[in-house]
Amino acid sequence: MTLIGYHASHEQFPPSALLEYVGLAEQAGFTAAMCSDHFLPWSEAQGESGFAWSWLGAALATTSLPFGIVNAPGDRYHPAIIAQAVATLCEMFPRRFWVAVGSGEAMNEHITGEHWPIKAERNARLRECVDVMRALWDGELVTHHGRVRVDEARLYTLPAKPPMVVGAALSAETAGWMGEWADALITINQPDGKAAEVINAFRENGGSGKPVYLQVHVSWDTSNERARQNAWDQWRTTAMDSKVLADLRLPHQFEAAAKFVRPEDLDGGVRISSDPRQHLDWLQQDLELDLAGLMVHNVGRNQREFIETFGNEVLPVLPTRGT
């Protein structure tokens, strides 16, 4: 059945609060969860950046939900270390964990002090990392000398089944490239039908029949004004083009870039409404894309109220279907 997931935003909340929220989300009827993997928040107003991999063990142990994470191996993380972390979680929690991989953002990766490559080079490195991780999950002794270097690495704690590697793409070009080698795709809601273009590019270039997940950014509150203010306060720094977002390094740079973003500029990137029926309608339209899962991220700080309202008024009505 189509999963309806809750997104846990490490750049917005401390890990202890997120642990509470995923428990409440499961009780409310969400059937999956995913989380971000940040070293820095997008803005000082968000103000958090807990270590996602420590948190995942606790979240998986205290819920029965399947979980995913979006990760960028190859810079801040060596692919052998991510392979080991993923294998350990999959051994403890069989069939409940998947990893999405992308080319990364400078804000998280620049901390190592290494050169930040252009997009094409990051993509090539990502593909090498995925090949290394898959070989390690197969129990191979891996030596690799390329954009990443691995010297006689082997994992001794392995899952019964290798994890699903999900390609994380924001553009049709990247999604098409991932169609051949990724096990699935995750992208985000975008205005003007761009999300459908991304999904179609994946399916038309080797991804036909593979699962597709859509992360949707929403802002709900008890009034439209509060919902819009929540989105502007917490998520306006992500209103720019992804090419800009990938190369900025510090929260104050994102804030400067978003200085002239107005609350009304957020429509499309964030679905803003106080009406649960409007959110239900949006999500029903998403399901027409034949998705394996919808991962819902309420960008405001009102997580408990959002979870309760969606649990009562949206999730019970939202139709799900086999994929």
Asp290 vs (1) in contact with a Lys or Arg (Cβ under 7 Å, 6 or more places away or on another chain); (2) closer than 22 Å to Lys210 by Cβ; (3) not basic (Lys, Arg): all pass except (1)
Restricted to the range 268-300 and to residues being buried (at least 17 other Cβ atoms within 10 Å of the Cβ) and polar (S, T, N, Q), the residue nearest to Trp98 (Cα to Cα) is Asn298
Reported set for the range 17-47 where residues are farther than 25 Å from Arg249 by Cα and open to solvent by 50 Å² or more (accessible area, probe 1.4 Å) is Leu19, Glu20, Leu24, Glu26, Gln27, Thr31
Among (1) within 19 Å of the chain's Cα centre (by Cα); (2) open to solvent by less than 60 Å² (accessible area, probe 1.4 Å), Ala227 falls short only on (1)
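Pick from Thr309, Thr237: which is buried (at least 17 other Cβ atoms within 10 Å of the Cβ), of a type in the set (S, T, N, Q) and more than 26 Å from Ala169 (Cα to Cα)?
Working: Thr237 fails: more than 26 Å from Ala169 (Cα to Cα).
Thr309 is the lone residue from the list that is buried (at least 17 other Cβ atoms within 10 Å of the Cβ), of a type in the set (S, T, N, Q) and more than 26 Å from Ala169 (Cα to Cα).
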(request) For Ala256, indicate whether it is touching a residue at least 12 places away in the same chain (Cβ under 8 Å) and on the phi < 0 side of the Ramachandran plot. (result) no
If we ask which residues in the range 156-209 are open to solvent by less than 50 Å² (accessible area, probe 1.4 Å) and at positive phi, their number turns out to be 2
The condition of being closer than 29 Å to Arg147 by Cβ, in contact with a strand residue (DSSP E or B) (Cβ under 8 Å, 6 or more places away or on another chain) and touching a residue at least 12 places away in the same chain (Cβ under 8 Å) holds, among Ala32, Ala8, Ala59, Ala52, only for Ala52
Residue in the range 132-139 that is open to solvent by 30 Å² or more (accessible area, probe 1.4 Å) and over 23 Å from His38 (Cβ atoms) present
yes
Those residues of the range 4-36 that are within 16 Å of the chain's Cα centre (by Cα) and either assigned to a helix (DSSP H, G or I) or among the charged types (D, E, K, R) (or both) come to a total of 3
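Within the group Phe254, Phe260, which residue is surrounded by fewer than 13 Cβ atoms within 10 Å (Cβ to Cβ), of a type in the set (Phe, Trp, Tyr) and at pLDDT below 95? Walk me through how you get there before you give the answer.
Details: Phe254 fails: surrounded by fewer than 13 Cβ atoms within 10 Å (Cβ to Cβ).
It is Phe260.
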Note on the range 48-74: residues over 19 Å from Met107 (Cβ atoms), open to solvent by 10 Å² or more (accessible area, probe 1.4 Å) and in a loop (DSSP other than H, G, I, E, B) are Thr63, Ser64, Pro66
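Mind checking which helices (runs of 4 or more DSSP H) fall wholly inside the range 75-170 and carry at least 2 residues that are touching a helix residue (DSSP H, G or I) at 6+ places or on another chain (Cβ under 7 Å)? Step through it out loud before you land on a result.
Working: elements: 79-92, 106-109, 119-137.
Per the criteria, 79-92, 119-137.
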Taking the range 183-197 and keeping residues among the aliphatic types (A, V, I, L, M) and within 15 Å of the chain's Cα centre (by Cα) leaves Ala184, Leu185, Ile186, Ile188, Ala195
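The values are calculated or read from the model by the stated rules, or taken from the named source; none is laboratory data. Computed from a prediction, not measured in an experiment: that's the story for all the values here. Positions of Cβ are backbone-derived with ideal geometry, glycine not excepted, and every protein chain shown enters the neighbour counts. Note: areas computed on protein heavy atoms with side chains; ligands, DNA, RNA excluded. Shrake-Rupley method; radii C 1.70, N 1.55, O 1.52, S 1.80 Å.
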